[in-house]
Amino acid sequence: MDNRDLAPGEGKPRIAFVQSCWHKDLVDQIKKGFAAEIGELGVPEANVDHFEVTGAFEIPLHARRLAEAGTYDAIVAAGLVVDGGIYRHEFVAEAVIGGLMQVQLETNVPVISAVLTPHHFHEHETHRSFFFEHLETKGAEAARACAHTVAALARLPVAS
């Protein structure tokens, strides 16, 4: 993608990055990968505002408030929902993803999800090491998806 495709008109897009703090060291890797890649795509660091929430369940409300503020061209959500041994992670993941979809459909501000639910995650060093590296890649993928979505939406006609 050409850097010029990122921003309609003169300015670069403003992006809100909302992340959960459960497994913060791992979720920070998503932020790291996102920040590096979005910078490579021509969005200055000053155009990305970072917000932290307790867990993934809190992300959709923050995303909605940020979208309603009217200052962001896109919102990126980052989190990790893991199976902690009680059968609730699937409900949380479903609620979060559904909430993020609802935000973007109701506010017309794209929401890119890097809220991930690994199928088999355990707190041992092998999994933590794998996910530590893997989540940085996921952050870069989220940056590319964000840039592409903002550019694609900018080319669409706007209803009056």
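Run down 38, 86 and say which single residue is in contact with a strand residue (DSSP E or B) (Cβ under 8 Å, 6 or more places away or on another chain) and either under 20 Å from residue 154 (Cβ atoms) or at pLDDT below 95 (or both). Every option except 38 fails the conditions.
Assess whether residue 110 counts as being surrounded by 17 or more Cβ atoms within 10 Å (Cβ to Cβ), at pLDDT 95 or above and in contact with a helix residue (DSSP H, G or I) (Cβ under 8 Å, 6 or more places away or on another chain).
On the way: surrounded by 17 or more Cβ atoms within 10 Å (Cβ to Cβ): yes; at pLDDT 95 or above: yes; in contact with a helix residue (DSSP H, G or I) (Cβ under 8 Å, 6 or more places away or on another chain): yes.
The answer is yes for residue 110.
The set of residues in the range 43-57 being of a type outside the set (Gly, Ala, Ser) and either touching a residue at least 24 places away in the same chain (Cβ under 8 Å) or surrounded by 15 or more Cβ atoms within 10 Å (Cβ to Cβ) (or both) consists of 43, 44, 47, 48, 49, 50, 51, 52, 53, 54, 57. Listed conditions (1) at pLDDT below 95; (2) assigned to a helix (DSSP H, G or I) are all met by residue 10, apart from (2). Close contacts from the range 19-34, counting a first residue that is in contact (Cβ under 8 Å) with a residue 24 or more places away in the chain and farther than 23 Å from residue 46 by Cβ and a second that is in a helix (DSSP H, G or I) and among the β-branched types (Val, Ile, Thr), with Cβ to Cβ under 8 Å and a gap of 6+ residues or different chains, come to 20/27; 20/59; 21/27.
The values are calculated or read from the model by the stated rules, or taken from the named source; none is laboratory data. Predicted, not measured: the structure shown is a model, and the values here were computed from it. Every residue, glycine among them, receives a Cβ derived from its backbone with ideal geometry; neighbour counts consider all protein chains shown.
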